[in-house]
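I have placed the structure first, in the form of structure tokens, so that the comments after it can refer back to it.
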Amino acid sequence: MANLKELAGKKELFTGGHRLCAGCGIPPIVRLVLRSTDANLVASTATGCLEVGTTIYPYSSWRIPWIHSAFENSAATISGVETAYRALKKRGRIPADKETKFIAFGGDGGTYDIGLQSLSGALERGHDFLYLCYDNGAYMNTGIQRSSATPMGSNTTTSPAGEVIPGKEEWRKDLTRIVVAHNVPYAAQASPHNWKDLEKKAAKALAIKGPTFLNVMSPCPLGWYSKPEDSIQLAKLSTDTCYWPLYEVEDGVMKVTYKPREKKPIEDWLKPQGRFKHLFKPGGDVIIEKIQAQIDREWERLLDLEGRQIF
Amino acid sequence: MTDKNNEELPEGGVIHEGGNADSYETGGWRKLRPVLDNEKCTNCLICWVMCPDSAIIVEDGKMVGFDMEHCKGCGICDTECPPKIKAIKMVSEEEAD
Amino acid sequence: MATEKSNEMQGLTGNSAVALAMKQINPDVCPAYPITPSTAIIETFSSYVADGEVDTELITVESEHSAMSASIGAAAAGARVMTATSSQGLALMWEMLYIASGLRLPIVLTNVNRALAAPINIHCDHSDSMGARDSGWVQLYSETVQESYDNVFMAVRIAEKVRLPVMVCLDGFITSHAIENMATISDANVQDFVGEYTPETSLLKDMENPISIGAMTLPDYYMTFKKQQSEAMAEAKDVVEEVSAEFAQKFGREYGLLDSYELEDADVAIVIFNSATGTTKVAVDELRKEGFKVGVLRIRLFRPLPHAEIAAALKGLKAVACLDRADSFNDFGGPLFNEVRSSIYDLEDRPKVISRIYGLGGRDYKVEDAKSVFEELLKVVETGTVEEMTKYITI
């Protein structure tokens, strides 16, 4: 387990000068994950904030070999890269002296929705790679459209809080469970505020041979209508309210890695975010209760699974 | 900056110098500027790990200042600086100048 | 196994010939997804992998979209990459075809031509590859099993020289499933011909100096890269000629950009792709015996379009029918018609050109069909007027 001094002493593989928003939750995640291993890294990124914001020609923030090809195929693209690595190594065309690991990045749109098939395929085929989803809960890059990761009640540009419909009506898709059902050796949820937990999980995932998965909460001041300086605190609140439980499933065994001493009410997370503003108007309490009930149910389910072989 | 119509540009839009965004300034986005109180800072480096813009300069394990070319003034460093320390505060650019 | 024989005649289907060519090339990576009628290419190649006859890394992806995505990833990483598909599979790759060419990746894809749904149909027509004609891929069309086999080798050389992906097209079921007696090339000669693949740039080449591939380019740069791509495509025409000439010199089989048959003194001609050329040649032979000056022009290279060569080949003719096994649904003839007609526009005394759509969804195209087109053309010459510029035939 590295401390911050050691981590800060390592080379910055993800430079400043990118065009992601002030207060964006993605860069702290990426910076930390890229530091969590000493292996060579190669990354693919799905079309989205991370891709657009970090590689506006002729500039790139990536000090590792990096590729973007399209939106729905970060996993398929990295599976090609990883396979080429094995092929070229086998044939002696690239040096085999240092271990190389592969990471596919994607937002929730590129992972939960349009990229789900290619993610599933790559996991099933067992490529040696980490898939990292930065989940900011909507299609933020194109202007805050709802995704299947968008929280219930959220106001987005395609699930607007209107006179009749109060924002997104559906509960979010539980992607991490879907990934776990692929019997991958390691899958976890993390959050940038808990850097120790995130670093540990990333290091673990990258040390494993085979497909691994990290689903990381990524606050978005633009789409959450929140203050840029609050991003990390909002990430923390997502775990303190148990909206975003931190857990890992290693070789099929569930471990909840963070249990808040006192589970905070979901209002604490909803209130600072403008996307839930309408829920604090008359009638909104019904929806908040519904959200709270679902969170409670899922948290209990998770605690029930604690320590158990779930796959 | 390369010539935009230069036909000798690397094929397929490949960027041959990964990390060259380092030379791109985003400091101009800033409305608020972080100011460090050296006396209070304990070099816990929480600001460094949370900074979205790799704009906390760390030398020999010590927080030595901000990279103003990249800092967008989001204020995360100020918010995340532990409550008992509070070594960073955000001031308006005008005020700072 | 039989395929170990070299420079010998063998009876092979188009699919097994392509699979054999891929085996002899032994590419680094082959991402693949099965689809009729190209499935046997992937099946046969999978057996080669399973039996250790090649050491290619096979990725059995979950869709054609991922097949092309993985091809792009592997090619960007510096691997020699080949795959195969048909019809809906090519359609599903659509988005990625443009990205493969835009990123200048020399992927070789065999497309076994099949109709596009709806209605769903598994048989031959050219709707799939015709639709991909503007995707920035070099397109080679193959008349026979022999040519399909030979084109695969040449495609590798062409792709790697101009750094553009190449699509080798052959007719579904007609060429892909019919056994033809053909000459194979020895493994050693194949390896000698295709050579080592050493790309100048790749993701994995220099980890110390990492590159970024697939960056966002805005209006200030995008067009420059498109111009480069366009110039590479123009260069590809010369490269196809050079590689084909070298192939002819080494293996004795000559392929041009176009294949002219009895055109020199012809009054009228049919312009066509792929396997239907043979049927048309039979009609030419029969009509020639009756004294009619008829000929055929087969297009082997469609992207880039050898427009000057097409104009030169059709110069002096009086009427030409372009036979498209695909419709553009533009109420103005098929894609071949439009491009050939445009190619000859600057000829001073240009022939009349008509469009005939034939053989969609595997509909038979017979010698009589070719003959009736020639009869129409002769009538156009006789009367000086075109009664129907665009028409469906074989229906």
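Values quoted throughout were computed directly from the atomic coordinates according to the rules given, and no laboratory measurement underlies them. Bear in mind the structure is a predicted one, so any value in this text is a computation, not a measurement. Neighbour counts run over all protein chains shown; Cβ positions are idealised from the backbone, glycine included.
Brief remarks follow.
- DSSP finds beta bridges in the range A:4-305, and of those with both partners inside it, around 30 percent are antiparallel.
- The eigenvalues of the Cα gyration tensor, multiplied by 5 and square-rooted, give the range B:1-53 an equivalent ellipsoid with semi-axes of 37, 14, 8 Å from largest to smallest.
- Chain A: angle of helix A:74-90 to the longest principal axis, Cα-based, in degrees nearest 10: 20
- Calculated from backbone phi, Karplus (6.51, -1.76, 1.60) coupling profile of the range B:32-41 in Hz, x at Gly/Pro: 10, 10, x, 10, 9, 9, 4, 5, 7, 4
- Shown here: the range A:154-306, whose C-alpha atoms stretch 51, 33, 32 Å along the first, second and third principal axes, sorted largest to smallest.
- Furthest towards positive pole of dipole, C:Pro37, C:His126, C:Ile179, structure part the range C:2-251, Cβ charges: C:His126
- Mean shadow area of the range C:1-83, taken as a quarter of the surface of its Cα convex hull (nm²): 5.5
- For the protein assembly as shown, the convex hull spanned by the alpha carbon atoms encloses 183 Å³ per residue.
- Relative contact order computed over the range B:2-73 (Cα-Cα under 8 Å; 6+ residues apart), in percent: 35
- For chain B, with +1 on Lys and Arg beta carbons and -1 on Asp and Glu, the positive-most of B:His16, B:Ala55, B:Ile88 along the dipole: B:Ile88
- Annotation note: trypsin sites (Lys or Arg not before Pro) in the range A:254-311 located in DSSP loop regions with a Cβ neighbour count of at most 16 within 10 Å are A:Arg261, A:Lys263, A:Arg308.
- All Cα-Cα distances of the range C:2-251, cut into 10 Å bins from zero to the largest, leave 8, 33, 38, 17, 4, 0 percent in each bin in turn.
- DSSP beta bridges confined to chain C are antiparallel in about 25 percent of cases.
- Dividing the alpha-carbon radius of gyration of the range A:139-200 by the rule-of-thumb value 2.2 N^0.38 Å gives 1.45.
- Relative to the longest principal axis of the Cα atoms of chain C, helix C:64-76 runs at roughly 60 degrees.
- Relative contact order %, the range A:4-305, counting alpha carbon pairs below 8 Å whose residues are six or more apart: 16
- Directionally averaged projected area (convex hull, Cα atoms, chain A), nm²: 15.9
- Farthest toward positive dipole pole in the protein assembly as shown [+1 Lys/Arg, -1 Asp/Glu at C-beta], among C:Trp137, C:Gln10, C:Val81: C:Val81
- Comparing C:Phe45, C:Phe173, C:Phe292 in a Gaussian network model of chain C (Cα springs below 10 Å), the most mobile by mean-square fluctuation is C:Phe292.
- Taking only alpha carbon atoms, the range C:252-395 gives an Rg to Rh ratio of 0.93, where Rh is the Kirkwood radius.
- In degrees, nearest ten, helix C:276-289 long axis to first principal axis of chain C (Cα): 30
- Taking a ≥ b ≥ c as the square roots of the eigenvalues of the Cα gyration tensor, an a/c ratio of 1.5 or more together with a/b no larger than b/c marks the range C:92-176 as oblate.
- The range A:135-249: relative contact order in percent, alpha carbon pairs under 8 Å with at least 6 residues between: 24
- Net charge, C:Tyr197 excluded, C-beta distance under 9 Å - Lys, Arg +1, Asp, Glu -1: -1
- Computed magnitude of the charge dipole of the protein assembly as shown (debye, nearest 20; Cβ of K, R +1, Cβ of D, E -1): 2220
- Bridging of C:Lys289 to aspartates and glutamates at a Cα separation below 19 Å is possible for C:Glu262, C:Glu264, C:Asp265, C:Asp267, C:Glu368, C:Asp369, C:Glu375, C:Glu376, once same-chain residues fewer than 8 apart are set aside.
- Links that overshoot a 21 Å alpha carbon limit, given the list A:Lys173/A:Lys290; A:Lys271/B:Lys86; C:Lys293/C:Lys371; C:Lys315/C:Lys352: A:Lys271/B:Lys86
- Computed about its Cα centre, the charge dipole of the range C:264-365 is approximately 180 debye, with only Lys, Arg, Asp and Glu carrying charge at their Cβ.
- Kirkwood-based shape ratio for the range B:26-96, expressed as Rg/Rh from alpha carbons: 0.93
- Cα point-scatterer Debye curve for the range A:111-158, base-10 log of I(q)/I(0) at q = 0.17 Å⁻¹: -0.57
- Annotation: average projected area of the range A:21-67 is 3.5 square nanometres, based on the convex hull of Cα atoms across all directions.
- Loop trypsin sites (Lys or Arg not before Pro), chain B (other Cβ atoms within 10 Å of the site Cβ: 11 or fewer; DSSP): B:Lys84
- For a straight C-alpha distance cut-off of 28 angstrom, the lysines reachable from A:Lys90 (same-chain residues fewer than eight places away being disregarded) are A:Lys98, A:Lys101, A:Lys204, A:Lys209, C:Lys5, C:Lys23, C:Lys161, C:Lys205.
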